[in-house]
Amino acid sequence: MNTSTVTRADLTDAVYRELGLSRTESAHLVESIIEHIISALLREENVKIAGFGTFMLRDKSERIGRNPKTGNEVPITSRRVLVFKPSLVLKDRVNTALTGE
Amino acid sequence: MLKSELIDQMAEENPHLSRNDMERVVVTFFETISQTLESGARVELRGFGAFSPRYRKPRIGRNPRTGGTVHVPEKYVPFFRTGKDLRDRINATRD
């Protein structure tokens with residue numbers, strides 16, 4: 001199993017190899033994709049990438065949490081969070097590849 | 001925002017590239033992340049978040065319609081953890 005973490009540099013490399021643009025421009029395009037996704041989310045728009053998954057905002061109401069070390073009850077305040085719902089295609093690809101079935 | 005809209009916006013900002021090239025850029029981006037997860041590795045994007053495959057233990061599930069028990073085998077699922085920076089920015093959109 002490959003365990004080395006992939007970063008922006010690797011994604012830049014993949015774009016560079018696929019399109020043959022300069023590395024600088026490839027890096028700029030990778031950054032731009034991330035920025036566009038973040039901007040849409042901050043405009044409170046969900047981001048749906050077919051074949052990959054959906055990034056969506058969810059409002060969570062306040063709930064009681066517990067400090068796992070001390071067992072003390074602590075309130076977890078209401079908040080807005082980002083959740084990623086992987087597409088069926090991606091779920092299937094990852095599971096098939098990793099369970100070897 | 002849909003993938004096609006992301007491609008449109010980026011193509012507009014980069015008029016020296018064709019829309020078809022921009023589509024390849026965007027597809028390569030997500031395909032590389034998908035392939036990394038298939039290999040068992042994680043993808044870390046500072047300021048955004050990290051994708052990783054997560055192991056789920058086998059468990060006894062229930063068919064909600066019949067109430068019968070079903071064996072759910074172990075599996076791996078794609079998981080995304082939002083980066084701290086973005087988590088704070090997202091939460092701030094409430095006010």
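The values are calculated or read from the model by the stated rules, or taken from the named source; none is laboratory data. All of these numbers come straight from a predicted model, not from anything done at the bench. A quick note on method: Cβ atoms are made from the backbone with ideal geometry, for glycine too, and the neighbour counts reach across all protein chains shown. Heads up: the accessible areas ignore ligands, DNA and RNA and are worked out on the full protein's heavy atoms, side chains in. Shrake-Rupley method; radii C 1.70, N 1.55, O 1.52, S 1.80 Å.
Counting only residues that are more than 7 Å from chain B (Cβ to nearest Cβ) and in a helix (DSSP H, G or I), the stretch A:14-55 holds 12 of them. Of the residues making up the stretch B:29-48, those that are open to solvent by 20 Å² or more (accessible area, probe 1.4 Å) and at the interface with chain A (Cβ under 7 Å from one of its Cβ atoms) number 5. Of the numbered criteria (1) under 15 Å from the mean Cα position of the chain (by Cα); (2) on the phi > 0 side of the Ramachandran plot; (3) not β-branched (Val, Ile, Thr), the one A:ALA50 fails is (2). Of all the residues in the stretch B:78-95, those that are surrounded by fewer than 10 Cβ atoms within 10 Å (Cβ to Cβ) and either aliphatic (A, V, I, L, M) or facing chain A (nearest Cβ under 9 Å) (or both) number 0. Restricting the stretch A:57-67 to residues that are part of a strand (DSSP E or B) and out of contact with any helix residue (DSSP H, G or I) (no Cβ under 9 Å at 6 or more places or on another chain) leaves a set whose member that is least open to solvent (accessible area, probe 1.4 Å) is A:GLY65.
Considering (1) surrounded by 12 or more Cβ atoms within 10 Å (Cβ to Cβ); (2) outside any loop (DSSP other than H, G, I, E, B); (3) touching a residue at least 12 places away in the same chain (Cβ under 8 Å), the lone condition that B:HIS71 does not fulfil carries the number (1). One residue is enough: does the stretch B:67-77 have a residue meeting the conditions facing chain A (nearest Cβ under 8 Å) and of a type in the set (A, V, I, L, M, F, W, C)? Yes - at least one qualifying residue is present in the stretch B:67-77.
When A:THR12, A:THR54, A:THR70 are checked against the criterion of being open to solvent by 40 Å² or more (accessible area, probe 1.4 Å) and among the β-branched types (Val, Ile, Thr), a single residue qualifies: A:THR70.
In the stretch A:73-96, the qualifying residues are those that are charged (D, E, K, R) and open to solvent by 40 Å² or more (accessible area, probe 1.4 Å), and the one that is farthest from the other protein chains (Cβ to nearest Cβ) is A:GLU73.
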